[in-house]
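One structure is given here, and the rest of the page talks about it.
The values are calculated or read from the model by the stated rules, or taken from the named source; none is laboratory data. All values reported here derive from a predicted model rather than from experimental measurement. Glycine also receives a Cβ, built like all others from the backbone with ideal geometry; neighbour counts cover every protein chain displayed.
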Amino acid sequence: MSTLYDITIIGGGPVGMFAAFYAGMRQASTKIIESLPILGGQPHILYPEKMIYDVGGYASITGAELTDQLIQQMNHFNPTICLEEKVLMIEKEADQFKLTTTKGTHYSKTVIIATGQGSFKPRRLPFNYPEVFEQTNLHYIVRNLEQYRDKKVAICGGGDSAVDWALALEGVASEVSLIHRRNQFRAHEGAVQQLEQSSVQLLTPYIPKQLHSSDNRQIDQLTLSKKRSNDTLTIDIDYLIVNYGFVSAMDEVSDWGIQLDNRGILVDRAMTTTVPGMFAIGDVAHYDEKIKLIAVGFGEAPTAINHAMSYIDPTSHKQPIQSTELYL
């Protein structure tokens with residue numbers, strides 16, 4: 001049988017990692033199961049180089065930097081990390097839980113769900129194209145601005161992410177073209193005003209029509225179609241960034257035996273779900289007047305951990321441990 005852990009955390013985003021750190025402070029044996037190949041959740045995957053301003057203690061910090069800090073903090077206690085592993089089913093067996101995943105079986109005394117908005121995948125262009133492009137120069141996420149230095153970059157999208165990346169790349173890439181199907185952008189007014197005063201080439205109202213490749217491996221050109229017209233335009237590109245947003249789903253959670261609605265997993269003040277011993281924190285958890293912020297999730301993590309430890313051992317203290325009492 002696999003090792004029985006005190007606490008298994010499903011989800012390796014910011015809230016899940018902070019929960020793992022706090023579980024270590026409570027001297028709990030801890031495991032994180034993350035479906036993606038890397039830790040960090042949405043801040044690391046969706047906006048690794050965008051600034052986050054609402055995390056306490058940081059005037060500003062990028063998604064990648066926040067991830068690095070949380071990993072460093074969590075690694076004080078070396079929790080077990082399982083990546084690229086999706087939880088399919090959770091079953092309660094006597095005084096433990098059996099978690100069936102895409103890679104095997106895990107056992108835990110308690111479970112904390114920290115899956116955020118659920119699994120997510122990018123919205124693709126509205127026509128078929130080889131997946132190999134996504135492994136070369138068609139990107140849905142900007143991970144490293146320097147990758148685009150002195151390159152011709154085309155960005156598809158009209159929301160905040162598309163406009164923000166166009167502005168961020170203006171001083172890095174040799175050319176930046178922003179393609180949107182409407183003449184008006186849906187981004188923040190200040191960003192749109194800055195965009196209009198920038199050197200970014202605005203191609204509106206155009207939609208992407210076809211990708212061209214000379215080697216069937218990476219994109220060389222992009223053909224655009226003008227809306228309500230037969231006009232087309234073909235541009236040379238080195239990189240194509242598609243910012244049409246992401247589709248999230250919580251389908252797998254419905255198989256875990258807990259109560260949820262369209263707002264998330266229902267929890268009480270102790271972050272306990274409808275199944276004793278199972279807790280939920282962060283954006284996936286819902287209670288009246290819930291505010292979905294990373295900062296709120298950070299506060300929910302110690303609550304869930306302390307009550308998980310009390311579930312394991314009712315004689316243990318529910319009051320928080322001060323980190324200043326420990327030598328890390």
*What is the residue count in segment 196-218 for residues that are within 20 Å of ARG181 (Cα to Cα), surrounded by 13 or more Cβ atoms within 10 Å (Cβ to Cβ) and touching a helix residue (DSSP H, G or I) at 6+ places or on another chain (Cβ under 9 Å)?*
4
*From the set of residues in segment 228-242 that are surrounded by 13 or more Cβ atoms within 10 Å (Cβ to Cβ) and in contact with a Pro (Cβ under 9 Å, 6 or more places away or on another chain), which is nearest to SER174 (Cα to Cα)?*
LEU240
*Looking at segment 250-290, which of its residues are polar (S, T, N, Q), at pLDDT below 95 and either surrounded by 13 or more Cβ atoms within 10 Å (Cβ to Cβ) or not in a helix (DSSP H, G or I) (or both)?*
GLN259, ASN262
_Unique residue being in the same structural domain as VAL253 (by TED's automatic domain parsing), basic (Lys, Arg) and part of a loop (DSSP other than H, G, I, E, B) when the list is LYS98, LYS103, LYS109_ = LYS103
*Return yes when LEU293 is in the same structural domain as ILE52 (by TED's automatic domain parsing) and either exposed (fewer than 12 other Cβ atoms within 10 Å of the Cβ) or not charged (D, E, K, R) (or both) and no when it is not.*
yes
*Are any residues in segment 121-156 closer than 20 Å to GLU49 by Cα, buried (at least 17 other Cβ atoms within 10 Å of the Cβ) and hydrophobic (A, V, I, L, M, F, W, C), and if so, which ones?*
LEU138, ILE141, VAL142, VAL153, ALA154, ILE155, CYS156
*Wholly within segment 1-87, which strands (runs of 3 or more DSSP E) include no fewer than the required count, namely at least 3 residues that are crowded, with 18+ Cβ neighbours inside 10 Å?*
4-10, 30-33
_VAL142 vs. criteria more than 30 Å from LEU260 (Cα to Cα), under 18 Å from the mean Cα position of the chain (by Cα) and not hydroxyl-bearing (Ser, Thr, Tyr)_ = yes
